[in-house]
Structures are given as C-alpha cells and as structure tokens.
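These notes are about the structure you will find just below.
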Amino acid sequence: MKRSRIRAWVMALLAVAFVGYALLLWQGPWLLDGDRLDRGDLQPAEGLVITGFRTTLIALGAGAVAGAGLYYTDRTLRHTRTRDREQAEIARDGQVTAHYVEAIKLLASERAVERLGGIYALERIMRDSAKDHLTVVEVLAAFVRDRAPVGTSTALPVPRSRKNPFRRP
C-alpha cells in the first residue's frame with residue numbers, strides 16, 4: 001500500500017513538472033522578460049530572446065531526461081549485478097554439493113586409492129567452502145570411527161611437557 005502511494009505521488013509530481021515545463025516553454029519568455037517583449041508584433045531582437053530562452057529550456061529538459069536515463073540505467077545495473085551474484089552463489093552451492101556427493105561415493109569405495117581420493121576431495125571442499133567445513137569434519141570423523149578397530153587404543157603418547165601446559169609444577 002505504501003509503495004503504491006509513493007508511486008502515485010511521484011507520478012503526480014512528474015505530471016505537474018511536465019505541465020509546468022510546457023507552460024514555461026510556451027509563456028516563459030513573457031513571464032520572465034515581459035516588460036521588454038511585445039505581445040503583438042515581434043521585432044527580430046525579441047525573436048532571438050524568445051528563441052534563446054526556449055533553446056535553453058529544451059537543453060535543460062534534454063539534460064534532465066538524460067540524467068533520468070542514467071539513474072534508471074544505474075539502478076537496473078545494480079539490480080542485475082545483485083541477481084547475478086545470487087545466481088552465482090546458487091550455482092557454486094550446487095557445484096559444492098555435487099562434489100560432496102562424489103567425494104562421499106569415493107569414501108564409501110572398497111578400493112583404498114578411491115577412498116584416499118574421497119578424503120582429498122572432502123579436504124578441498126572443506127578449504128573452499130567455509131559453511132561446509134563442520135559437515136566435512138563430521139563426515140571424516142565418522143569415517144575414521146567406522147574404520148577404526150574396536151577395543152584397541154592406537155593413541156600416541158603425549159610428551160610430559162605438553163600434557164597440561166596450564167598446570168603449575
């Protein structure tokens with residue numbers, strides 16, 4: 001509702017400006033310099049004043065139309081760039097999803113070389129897509145948990161100096 005009201009006011013303002021411009025073009029020389037211009041028989045010098053005034057108004061009108069055209073072009077260009085950025089982001093997300101699905105398929109393979117390729121593909125996705133970082137970490141952690149032998153500890157010993165660096169001796 002508010003947008004249509006603003007549009008109505010803009011259209012009304014443009015209509016008033018157009019009518020005012022037409023009146024100024026028609027009667028402007030006599031409104032601004034009426035004491036020197038004769039309404040009846042025009043002299044060549046008066047014709048030059050009227051022609052010069054009207055030419056100036058036409059040039060100003062053309063400049064206003066050109067300015068409005070530049071404004072409209074700028075607004076359209078900004079809108080198009082925003083839409084293109086959104087489309088590029090959607091396409092990029094689609095590509096990341098496709099790569100993710102392919103990497104998961106490789107990770108599920110029975111061949112060690114293909115699983116390694118899946119791990120590297122997930123690493124690449126993790127580096128390239130910040131919003132998919134946590135998901136990739138969780139998938140790799142689940143993969144390691146699933147593949148680790150049950151009941152055996154293969155943890156490396158932690159050096160004494162690194163066990164708790166915040167503990168006082």
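The values are calculated or read from the model by the stated rules, or taken from the named source; none is laboratory data. Since this is a predicted model, take the numbers as computed values, not measurements. No Cβ is skipped: glycine too gets one built from the backbone with ideal geometry, and neighbour counts run over all protein chains shown. Only protein heavy atoms, including side chains, enter the accessible area calculation; ligands, DNA and RNA are left aside. Shrake-Rupley method; radii C 1.70, N 1.55, O 1.52, S 1.80 Å.
Can you tell me the FRET efficiency between Ala108 and Glu86 if r is taken as the Cβ-Cβ distance and R0 is 25 Å, rounded to the nearest 0.05? Numbers along the way, then the final one.
On the way: r = 33 Å, r/R0 = 1.33.
Rounded to the nearest 0.05, the efficiency is 0.15.
Quick check: residue separation of Arg54 and Asp41 times 0.36 nm, minus the Cα distance between them. What number comes out in nm? Intermediate results must be reported in sequence, preceding the final value.
Details: separation 13, 0.36 × 13 = 4.68 nm, distance 1.87 nm.
Computed gain between Arg54 and Asp41 is 2.8 nm.
For helix 2-33, report the angle its Cα long axis makes with the longest principal axis of the Cα atoms of the chain; keep it between 0 and 90° and round to the nearest 10°.
30
If you take the charge dipole of the chain about its Cα centre, with +1 on Lys and Arg Cβ and -1 on Asp and Glu Cβ, which of Leu60, Leu13, Tyr71 is farthest toward its positive end?
Positive-end residue among those listed: Tyr71.
Taking only the C-alpha atoms, wrap a convex hull around the chain and report its volume per residue in Å³ as a whole number.
Here the figure is 341 Å³ per residue.
Using only protein heavy atoms and a 1.4 Å probe, report how much of Thr51 is accessible, in Å² to the nearest 10.
80
Tabulate in residue order the Karplus-calculated ³J(HN,Hα) for region 66-74, using 6.51 cos²θ - 1.76 cosθ + 1.60 with θ = phi - 60°, rounded to whole Hz; enter x for Gly and Pro.
The phi angles translate into 5, x, 5, x, 5, 4, 5, 5, 4 Hz.
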